[in-house]
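Notes for the one structure printed next.
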């Protein structure tokens, strides 16, 4: 019988129709993405083939070196975009992978941004000087907190080296998320970036119950948001007959009426995307997850996830639903206002550094939403390019300062590990002028003080919104920035002009990886505040999204 089936199968396939053509892939377009996936797969091989004693160092080298190689490939792809304009490389700079991705200026710049964030974060992952020569990650995640197994893992100096390939898979998902050109690819990328982060949030070496609680909250709420996104994609398909962003835009532009199905599709998709950027009212996970997750993971998540999600949201709104902008723009206005207010006001009452930075990130999500609320692709093309470039610049400067700030948090410790209560930071300026001065620079950048990168970032997004007629949002944004400046400056006063309580802050020895991250973040924050022109021009020249 098997022989009869095997002989009949070729004829049945031939009768079913013509051969399915192989996918036409431009490997230069996708080379950075392929490189990151390769890094993740090599990390899995390392877990199998490399002895345990050498595994952590090997994983660290593979992750950092792989992200730098992918960054070099991203520069190569970006330089190829000029060849597109000259007609010498027609395949690059448009949709690729059978229309599933859109390799355009904003997408490629986002790739570069994410890889910079990843390289810095991987250095924090590789730090081993804080926990008696061990990393910040538990040796065996399956061991119950306080169990004999956990004590044995610590005694045997076991380390959870799987965090590197998990973070690489999350990075690959973020990169795919930022350039997805259809909603199914975007959903797959959303899950690829989210699932590893759920695991990474629950593997802290200290405060394990808090870490596991953070992972569970993030997983449950993230699953709900993914379901909303998928339901919105289904409704978008029901309305337009396609999941491709460009074809959805064609259907939206061809019909003058806004049906309930279209409005529901936009609303449900926004729920999933606003959850990832941490905007109100989908922000409740942010403080708990930021506080409970291992601090290197928090740094990676706060910078990279927000960047990928904002670019994906702009791509969906500008490319797919630009013709319905009069329906979604008021929603973004409301979200921007309440996000800025909640983030700025609630941060004032926080007594934990990580929770304060979490509410700060919520406020910054509101400021970034102001920048993309002022223009859209269906309006004036110049305003759209200004809006995209301002958001790109803001995400870059915010991400670098955020990683630097969390890198300092990993160093301030007591006998129980990281000490994040504000009272423990009093007098840090006397204990460690370098750490306190670096943290002060990051706080001033978050506040938008001149001569820091944060000032240029806020100026860029507020200018884009003002040019698009969203002057009300700009006024409210300036007022919320003044509120936010209070708790940023209060922190500086606490470090430099307040006497320490009890034994004062305990500063662990910062290893070479953490010191490098802090130094690079400080330099970038100052340089981009004093000489922002080249990066602003780079973002401006990236152009608009390919449709």
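The values are calculated or read from the model by the stated rules, or taken from the named source; none is laboratory data. Treat the numbers as computed from the prediction; the structure is a model and nothing was measured. All Cβ positions, even for glycine, are placed from backbone atoms using ideal geometry, and neighbour counts span all protein chains on display.
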Being over 21 Å from residue 400 (Cβ atoms) and in contact with a strand residue (DSSP E or B) (Cβ under 9 Å, 6 or more places away or on another chain) is the requirement here; does residue 294 meet it?
no
Give me the pairs: first residue in the stretch 345-360 and touching a residue at least 12 places away in the same chain (Cβ under 8 Å), second residue outside any helix (DSSP H, G or I) and crowded, with 19+ Cβ neighbours inside 10 Å, beta-carbon distance under 7 Å, and six or more apart or on different chains, which are they?
352/420; 353/420; 354/420
What pairs can you find where one residue is in the stretch 527-546 and closer than 30 Å to residue 182 by Cβ, the other is assigned to a loop (DSSP other than H, G, I, E, B) and modelled with pLDDT under 80, and their Cβ atoms are less than 7 Å apart, with a gap of 6+ or different chains?
544/377; 545/377; 546/93; 546/94
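For every residue, the table says whether it meets (1) surrounded by fewer than 23 Cβ atoms within 10 Å (Cβ to Cβ); (2) more than 13 Å from the chain's Cα centre (by Cα); (3) outside any loop (DSSP other than H, G, I, E, B).
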{"residue": "157", "(1), (2), (3)": "yes, yes, no"}
{"residue": "164", "(1), (2), (3)": "no, yes, yes"}
{"residue": "170", "(1), (2), (3)": "no, no, yes"}
{"residue": "173", "(1), (2), (3)": "no, no, yes"}
{"residue": "187", "(1), (2), (3)": "yes, yes, yes"}
{"residue": "191", "(1), (2), (3)": "yes, yes, yes"}
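Give the residue that is nearest to residue 540 (Cα to Cα), with candidates limited to residues of the stretch 372-385 that are buried (at least 24 other Cβ atoms within 10 Å of the Cβ) and either over 21 Å from the mean Cα position of the chain (by Cα) or at pLDDT 90 or above (or both). Even if it seems obvious, please write down each step before you answer.
Here is the first cut: in the stretch 372-385, the ones buried (at least 24 other Cβ atoms within 10 Å of the Cβ) are 372-377, 384.
Adding the requirement that they be either over 21 Å from the mean Cα position of the chain (by Cα) or at pLDDT 90 or above (or both) leaves 374-377, 384.
Numbers: 374: 16, 375: 14, 376: 15, 377: 15, 384: 10 Å.
Out of the qualifying residues, it is 384.
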Any idea which of 271, 319, 289 is at pLDDT 90 or above, under 28 Å from residue 111 (Cβ atoms), surrounded by fewer than 24 Cβ atoms within 10 Å (Cβ to Cβ) and in contact with a helix residue (DSSP H, G or I) (Cβ under 6 Å, 6 or more places away or on another chain)?
271
Checking residue 81 against (1) surrounded by 12 or more Cβ atoms within 10 Å (Cβ to Cβ); (2) closer than 20 Å to residue 182 by Cα; (3) modelled with pLDDT under 90, which single condition isn't satisfied?
(2)
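A quick yes/no check of all residues on (1) within 17 Å of the chain's Cα centre (by Cα); (2) more than 29 Å from residue 108 (Cα to Cα); (3) free of Cβ contacts under 8 Å to residues at least 24 places away in the same chain:
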site: 387; (1), (2), (3): no, no, no
site: 409; (1), (2), (3): no, yes, no
site: 425; (1), (2), (3): no, yes, no
site: 433; (1), (2), (3): no, yes, yes
site: 440; (1), (2), (3): no, yes, no
site: 451; (1), (2), (3): no, no, no
site: 455; (1), (2), (3): no, no, no
site: 459; (1), (2), (3): no, no, yes
Going by the structure shown, is residue 211 touching a strand residue (DSSP E or B) at 6+ places or on another chain (Cβ under 7 Å), under 30 Å from residue 145 (Cα atoms) and assigned to a helix (DSSP H, G or I)?
yes
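Being at pLDDT 90 or above, under 30 Å from residue 321 (Cα atoms), surrounded by 21 or more Cβ atoms within 10 Å (Cβ to Cβ) and within 13 Å of the chain's Cα centre (by Cα) narrows it down to one of 183, 114, so name that one.
Only one candidate passes the filter, namely 114.
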Note: among 312, 347, just one is surrounded by 23 or more Cβ atoms within 10 Å (Cβ to Cβ) and more than 26 Å from residue 108 (Cβ to Cβ), namely 347
Index of the failed condition, residue 241 passing every other in (1) surrounded by fewer than 18 Cβ atoms within 10 Å (Cβ to Cβ); (2) under 30 Å from residue 294 (Cβ atoms); (3) more than 20 Å from the chain's Cα centre (by Cα)
(2)
Which of the residues spanning the stretch 426-459 are in contact with a strand residue (DSSP E or B) (Cβ under 6 Å, 6 or more places away or on another chain) and assigned to a helix (DSSP H, G or I)?
431
Somewhere in the stretch 486-506, is a residue under 25 Å from residue 290 (Cβ atoms), in contact with a strand residue (DSSP E or B) (Cβ under 7 Å, 6 or more places away or on another chain) and surrounded by fewer than 24 Cβ atoms within 10 Å (Cβ to Cβ)?
yes
When the stretch 460-505 is examined, which residues are found to be modelled with pLDDT of 90 or more and in a loop (DSSP other than H, G, I, E, B)?
none
Among the candidates 333, 326, single out the residue that is modelled with pLDDT of 85 or more and more than 30 Å from residue 169 (Cβ to Cβ).
333
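Residue-by-condition table, conditions (1) assigned to a strand (DSSP E or B); (2) surrounded by fewer than 24 Cβ atoms within 10 Å (Cβ to Cβ); (3) at pLDDT below 85:
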site: 387; (1), (2), (3): no, no, yes
site: 390; (1), (2), (3): no, no, no
site: 394; (1), (2), (3): no, no, no
site: 397; (1), (2), (3): no, no, no
site: 400; (1), (2), (3): no, no, no
site: 403; (1), (2), (3): no, no, no
site: 406; (1), (2), (3): no, no, no
site: 413; (1), (2), (3): yes, yes, yes
site: 424; (1), (2), (3): no, yes, yes
